Amino acid sequence: MNAPALSIVLAVSHDDALRDGSLAAALSAIAQSVAGVTGGLTHEVIVVAANAQGLPLPSALPSARFVTVAPGALTPVNWGLGLRAASGRVVAFTTSQMCVSITWAGALLEAINGGVDAGVIGAGGPVALPAVASDADAATLVRFSAFLPGRWPRVMSAHDIPGDNAAYLRAHLVEHEDLLRDGFWEVEFHRRFARAGKQLLMVPAALATAQGVVDLRALRAHRFAHAVSFGGSRVDRHGQSAIRIVLAAPLVPLVLAARIARRARAAGVDHARIRRALPAVVRLTIAWAAGEAVGAWRAAVGRGNQVTFAHE
């Protein structure tokens, strides 16, 4: 059997994805987008979730495959497992908290396939706030303020693309086995791609919209855990100073919150909506800063460093 043109790896990002309907909505949107590709599209959909064997087959995508993972695993770890199960020439990543546009699949494939000769190996799309203001606003702004639709009016080269709405030539991912051992942490791959002179694109037509119910308490815990891994990698993989990271931690939430608000305003988000989201944004950035500091310190102590740490 020939490999499909596109593999779609969807990580179920929270336990309520079935109850609040977000998984069904995400899969339905994917099915419509794939069906909308002119000339048809060979594809596979891989759903990565805890207790995946208990999930019903979605009527929109009856051929979807499931990969079962440990409860509580971080999304990049789940993406990595899904990638290992994928066989498509291009692999796209998303989550149950994203509802993709009808033009999503075709736009990503067109950008990648049309740019291969110019060194393009990946493309991503903007992430829009939910249709109705909610706690999901803060979750979306914290993670995707750099990728709001108003910031990307046309196809543009980008240093980073959002992991939750991105696609890549599979061959350029699996060749980095040292990174894949920890999962698919897109920022690490993007650094490698940049050093190799490869290009990433942002594509407005590959829009995804945030959806689903957000439990801010659970999200804070998730952001903390994610930041612990990220802080550790800054020290272990990139030789950054653990002391600097720890000492900067008290300032990080204010710096991040101000940057997020500035980006949202520049993208045309309603000012009142930004103000309503800011208290939760600050709490989430506090969790991130604390996690980075903990991860950096643990990495430094684990390496046996006592006082002096590597500088950036």
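The values are calculated or read from the model by the stated rules, or taken from the named source; none is laboratory data. Small disclaimer: the values here were computed from a predicted structure and weren't measured. So basically every Cβ, Gly included, is an ideal-geometry build from the backbone, and we count neighbours across all protein chains shown. Each accessible area value is taken on the protein alone, full model and side chains, heavy atoms only, with ligands, DNA and RNA left out. Shrake-Rupley method; radii C 1.70, N 1.55, O 1.52, S 1.80 Å.
The table below gives the values:
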| read-out | value |
| --- | --- |
| Residue match in the range 185-194 (condition: part of a helix (DSSP H, G or I) and over 19 Å from the mean Cα position of the chain (by Cα)) | no |
| Strands (runs of 3 or more DSSP E) completely within the range 69-173 that count 1 or more residues being among the β-branched types (Val, Ile, Thr) and either open to solvent by less than 10 Å² (accessible area, probe 1.4 Å) or out of contact with any Gly (no Cβ under 6 Å at 6 or more places or on another chain) (or both) | 90-95, 98-100, 120-124 |
| Residue that is least open to solvent (accessible area, probe 1.4 Å), among those in the range 30-47 that are assigned to a strand (DSSP E or B) and closer than 10 Å to Leu6 by Cβ | Val45 |
| Gly268 at pLDDT below 95 and at positive phi | no |
| When residues of the range 208-241 are limited to those that are open to solvent by 40 Å² or more (accessible area, probe 1.4 Å) and part of a loop (DSSP other than H, G, I, E, B), the one nearest to Ala133 (Cα to Cα) | Val213 |
| Residue pairs meeting the criteria (Cβ under 8 Å; at least 6 apart or on separate chains; first on the phi > 0 side of the Ramachandran plot, in the range 189-210; second in a loop (DSSP other than H, G, I, E, B)) | Gly197/Gly119 |
| Selection count where residues are farther than 24 Å from His238 by Cβ and polar (S, T, N, Q), scope the range 183-220 | 2 |
| Complete set of residues in the range 242-252 that are of a type outside the set (A, V, I, L, M) and part of a helix (DSSP H, G or I) | Arg244 |
